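Worksheet: one structure, shown below.
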Amino acid sequence: MANITAADVNKLRQMTGAGMMDCKKALVEANGDFDAAIDYLRKKGQKVASSRADRAANEGMVLAKTSADSKKAIIVMISCETDFVAKSQDFMKLTTDVAEYAINNTPGNIDELKAANLNGRSVQENLTDLIGKVGEKMEVARYQVIEAARTYAYNHPGNRLGTIVGFNKDSVEGLDMVGKEIAMQIAAMSPVAIDKSDVTQEMIDKEIEIGKEQARQEGKPEEMLEKIAQGKLNKFFKESTLLNQEFVRDNKKTVGQYITEIDKDLKVTAFARLMLGA
């Protein structure tokens, strides 16, 4: 059995917003596994803060950029231990240099980015040099790239959160406005997929299981659990898939409706969202 410490309980409380005793019980039931403990709290009907990840966020910097022709977009996260280092000139310059290299050369994955030649040394070696200088752990934590007919990037003030999004067309009137709005929508509402059909079966099964257990805890009859869970799943699709979310700028329409009003054939082809600690 895992040794559950007060620090573990407090960490889960910061991640979820649930009560201390509920967090302790959840960790005991989950044998110390934080993800399983969060699922346990959800099944028990506890209100779990959707922003739990950034409450326990590591420090660092997120940068999103698009290429000169707007056909490619990258987003990179370099993490460190303290806000003091994250705001230092050396750290910000290195992160900016790495992002600039990435958009100009678009390495295919994070390992290629770490191995890339930046100022005569690999990105990882540059990072190691800075680690030696400031004495703090750092890493290229995340990196994603998308290619599309048109791409957009959004950097939230403070560089703790960024998004990139791609569209299937590049000559639509008002597309720059749409691109900006959708990039900001993704930042604000953190969708898990573009549409319902893009949600993995694993995630669907998990949401159904959680919905059934919530209904069971509420005393609903067993024969009703599947129907109730399906209702909760539909709510999940509405809240967590981009095209079905309420459009932040006008909640009388969905994001999908907003996009098709601009051009009936306009589609989001890909997006990425990175946030420190998530």
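Quick note: the coordinates plus some simple rules give every number you see, no bench work behind them. Fair warning: this is a prediction, and the values are worked out from it, not measured in the lab. Backbone-built Cβ (ideal geometry, glycine too); neighbour counts: all protein chains shown.
Couple of notes before you dig in:
- A simple spin-label model places pseudo-atoms 7 Å from Cα toward Cβ; at R249 and D176 they are separated by 1.4 nm.
- Dividing the convex hull volume of the alpha carbon atoms of the chain by its residue count gives 158 Å³ per residue.
- When you restrict to C-alpha pairs under 8 Å that are six or more residues apart and normalise by the size of the stretch 138-278, the relative contact order lands at 32 percent.
- Beyond 30 Å in Cα-Cα separation lie the following of the pairs K87/K267; K72/K232; K43/K238: K87/K267; K72/K232.
- Local charge for K206 was computed over the other residues whose Cβ lies under 14 Å away, with Lys and Arg +1 and Asp and Glu -1, and equals -3.
- Using a cutoff of 8 angstrom between alpha carbon atoms and counting only pairs six or more residues apart, the relative contact order for the stretch 84-188 works out to 18 percent.
- Max mean-square fluctuation residue, GNM over the chain, Cα-Cα springs under 10 Å, options A99, A229, A68: A68
- Near the amide H of V62, within less than 5 Å, lie the amide hydrogens of R160, L161, all on another chain or at least 5 residues away, with H placed in the peptide plane.
- Among K252, K196, K24, the largest mean-square fluctuation in a Gaussian network model of the chain, built with springs joining Cα atoms closer than 10 Å, belongs to K252.
- Amide hydrogen neighbours beyond the local backbone of S122, cut-off 5 Å, H modeled: none
- Residue among G60, G211, G108 with the largest mean-square fluctuation in a Gaussian network model of the chain, springs linking Cα atoms under 10 Å: G108
- Under 14 Å, Cβ to Cβ, from T5 - net charge with Lys/Arg +1 and Asp/Glu -1: +2
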